[in-house]
Amino acid sequence: MQNNFIETTPSSKMSWCSDIILIFVVGCVIYMALGFMRPLASPDEGRYSEIPREMVAHGDYVTPRLNDMPYFYKPPFFYWMQAASIKTFGINRFSLRFPNALMAVFGICATYAAARALSGRAAGVFSAGILATSILYLALGQIITLDTTVSVFISSALFAFIVGIKKSGLWRHALIAAFFVLCALAVLTKGLIGIVIPAAIIFLYAICTGPVDFFKKFGRGDWIWILIGIALFSIISVPWHILASLDNPAYDNAGGIFSKEWEGQGFFWYYIIHEHFLRYIDVDTSMREQPWWFFIVLSLVGFIPWVLLLPRALKDTFGDCGRRMLNAPKEAVFFCIWIVFVVFFFSLSKSKLAPYILPIFPALSVLTGAWFAKCWKDKFARSIKIEQILFVVLGYLVSVAPIPIYFVLSSKGKIYDHSYALFVCISLSVIMLILTTATLYIMLVKKNVKAFMAMVFVVSCVFSMYFNPMAILFQRSDTEPLAKYLKANRKTGEDVAILRDYNHFHDLPVWLGETVYLFDVPPLEQRFGFMREKQKHAHRFFPTAEQQSEFIKSRKAALWVLCRASDAEILKKLSPAAEEIMRNGDILLFRIERK
């Protein structure tokens, strides 16, 4: 059994700064350089871009709104970050993705800092590189969601704890305070999990390592800083919840607090009861049920390619049996509790989405990175030939995959720009083939394990740069070019409507700069906000064909309508005079002239 969590080299302030700067710059290149290429992906990226746009437009930073209606699925901190980016850089693909990508890079830097503080410089560098190129963290770091931000805050809080209890003096107290501040920011990003998950992991860690010994680590000065931390947590996280409750109270006709009925309910019921409890325990509320093993499999798949090293890292760290595991480094025990609890917690939930599992990857990266650094120092005295072979096999699989992907997507009519798709797929295949062959040459001819593993990092970074170019092929069509055409050609008094299935058009208000009419009922995700302000917004929704036809006939100016190609005939029946003006993929833009 190895103890990978002992720092054996003295720290240098200069190397800390140079490493952080280098990791930050490389992280920004990987996570931001090509983000401008990919259109917003609806519904998620459109939704989480429109909410902050409306915040800026309305000047209301207490009540998040989507489609001009209250939207309390999650707290507002991530929206505040995006609103700041919009006000600084305007509305464009870079500004909308910048906060999410920046948080992902911050998470990589935090992982480096924690791993280095626990195991030395090499462990910090390897842990950061492993996290940055793990496939699920890489993907979600470039897709606008709240999950990357809350994951980074939760992970950073847990890092602050485990490093803090090993420190003394000013650093110890600063990290204690940082733990509570980071938990508060996590709560403001995605609710109570921001404190529940870190607190539960620390509680289980205390139980497993001995509660008496655990609490003996904290002196009188520590408890003072814990109280200061609790005060900071409250100052940061509580005010918005109070303001949102006051601005959005329940109406007189609301059911009880334990009711599942939406009618008349206020912020507290929807945000706490519906979003935190019903979504966790009730299948009908979540509508996101998956098998119990969903997150177990996703944990392994999401850690590709470094999952190939994980079995050896765990075996060398914990030994071959449970009895020896009790003598494992306490830091390793902490990271395993962290990983197992997060997987278990979300596996119990009736709501399962892939991003929920993201907080485990910094812990997996530190466990693997610390082991990797130990092997690197020992010149890989233990053979990893099987892992090397698997890396090469994986590289060749990735080399071959883009071509069949192209033909499958093409046969399903999912590719609209064949020249672009062919170029991206072929270039990725060729580059990965060359790099993988070079890696195989190093393994077979040079027989240099260090050079081989360095090459694996290079290949992983190159593959990471292809995320955005390849992801375009898997996205729905977007409305950005149609919105730009509308802004350039729409005349005063001409309105815009969406025909059915709002989820496909979430990005339209972002680029158009305004909300639009909908020939459908309000989407389920907007149901709570619509019911609270029904009289204010009912005139923008037309669920029946009769209402839609009447609205079209009543227009005093031309009407622009966007729909999917599969719904074009429905629009033609409503208004035979509808003229197709423009198309982007399977989204069409029609103009209906006033008679």
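The values are calculated or read from the model by the stated rules, or taken from the named source; none is laboratory data. None of the values given here were measured: they were computed from a predicted structure. Positions of Cβ are backbone-derived with ideal geometry, glycine not excepted, and every protein chain shown enters the neighbour counts.
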Fill in the blank from the handout: Per the filter on region 238-290, residues hydroxyl-bearing (Ser, Thr, Tyr), within 18 Å of Pro75 (Cβ to Cβ) and crowded, with 16+ Cβ neighbours inside 10 Å are Tyr270, Tyr271, Tyr280
Exercise for the section: Would you mind telling me which numbered condition in (1) without any contact (Cβ under 8 Å) to a residue 40 or more places away in the chain; (2) surrounded by 15 or more Cβ atoms within 10 Å (Cβ to Cβ) Thr439 fails? Expected result: (1)
Practice task
Starting from region 353-365, take each residue that is free of Cβ contacts under 8 Å to residues at least 40 places away in the same chain and list its partners that are assigned to a helix (DSSP H, G or I), counting only C-beta distances under 9 angstrom and pairs at least six apart or across chains.
Solution key: none
Completion exercise
Quick count over region 106-146, residues being surrounded by 24 or more Cβ atoms within 10 Å (Cβ to Cβ) and among the charged types (D, E, K, R), is 1
Fill in the blank from the handout: Scanning region 218-234 residue by residue, those among the charged types (D, E, K, R) and surrounded by 12 or more Cβ atoms within 10 Å (Cβ to Cβ) turn out to be Asp222
Completion exercise
Taking region 496-513 and the residues there that are over 26 Å from the mean Cα position of the chain (by Cα) and modelled with pLDDT of 95 or more, the one that is surrounded by the fewest Cβ atoms within 10 Å (Cβ to Cβ) would be Val496
Problem - Every pair of residues 6+ apart whose Cβ atoms lie under 6 Å, when the first sits in region 66-81 and is on the phi > 0 side of the Ramachandran plot while the second is surrounded by 22 or more Cβ atoms within 10 Å (Cβ to Cβ) - result: Asn67/Gln526
Exercise for the section: Check region 336-347 and report whether any residue there is loosely packed, with under 14 Cβ neighbours inside 10 Å and out of contact with any His (no Cβ under 8 Å at 6 or more places or on another chain). Expected result: yes
Exercise for the section: Check whether at least one residue in region 580-589 is polar (S, T, N, Q), surrounded by 14 or more Cβ atoms within 10 Å (Cβ to Cβ), touching a helix residue (DSSP H, G or I) at 6+ places or on another chain (Cβ under 8 Å) and in a strand (DSSP E or B), and report yes or no. Expected result: yes
Practice task
Answer yes if at least one residue in region 305-315 is surrounded by 13 or more Cβ atoms within 10 Å (Cβ to Cβ), under 23 Å from the mean Cα position of the chain (by Cα) and in a loop (DSSP other than H, G, I, E, B), and no otherwise.
Solution key: yes
Practice task
Among the numbered conditions (1) touching a residue at least 12 places away in the same chain (Cβ under 8 Å); (2) outside any loop (DSSP other than H, G, I, E, B), tell me where Ser477 comes up short.
Solution key: (2)
Practice task
Select from region 507-538 the residues that are of a type in the set (Asp, Glu) and over 21 Å from Gln82 (Cα atoms) and list them in ascending order.
Solution key: Asp520, Glu533
Exercise for the section: Report, by residue number, each residue of region 80-99 that is touching an Asp or Glu at 6+ places or on another chain (Cβ under 9 Å) and either among the acidic types (Asp, Glu) or crowded, with 23+ Cβ neighbours inside 10 Å (or both). Expected result: Leu96, Arg97
Exercise for the section: Looking only at region 77-91, decide whether some residue is at pLDDT below 95 and not charged (D, E, K, R). Expected result: no
Fill in the blank from the handout: Within region 36-47, residues surrounded by fewer than 20 Cβ atoms within 10 Å (Cβ to Cβ) and within 15 Å of the chain's Cα centre (by Cα) come out as Ala41, Pro43, Asp44
Fill in the blank from the handout: Result of the Cβ filter at 9 Å on region 250-262, keeping first residues that are assigned by TED's automatic domain parsing to the domain that holds Arg532 and partners that are assigned to a loop (DSSP other than H, G, I, E, B) and surrounded by 11 or more Cβ atoms within 10 Å (Cβ to Cβ), at least 6 apart or interchain, is none
Exercise for the section: Please specify each residue of region 556-579 satisfying the condition of being surrounded by fewer than 16 Cβ atoms within 10 Å (Cβ to Cβ) and basic (Lys, Arg). Expected result: Lys556, Lys572, Lys573
Practice task
Please work out which one of (1) polar (S, T, N, Q); (2) closer than 21 Å to Phe457 by Cβ; (3) free of Cβ contacts under 8 Å to residues at least 24 places away in the same chain is the condition Ser168 fails and give its number.
Solution key: (2)
Fill in the blank from the handout: When (1) touching a helix residue (DSSP H, G or I) at 6+ places or on another chain (Cβ under 7 Å); (2) modelled with pLDDT under 95; (3) not assigned by TED's automatic domain parsing to the domain that holds Ala110 are applied to Ile51, the one that fails is (2)
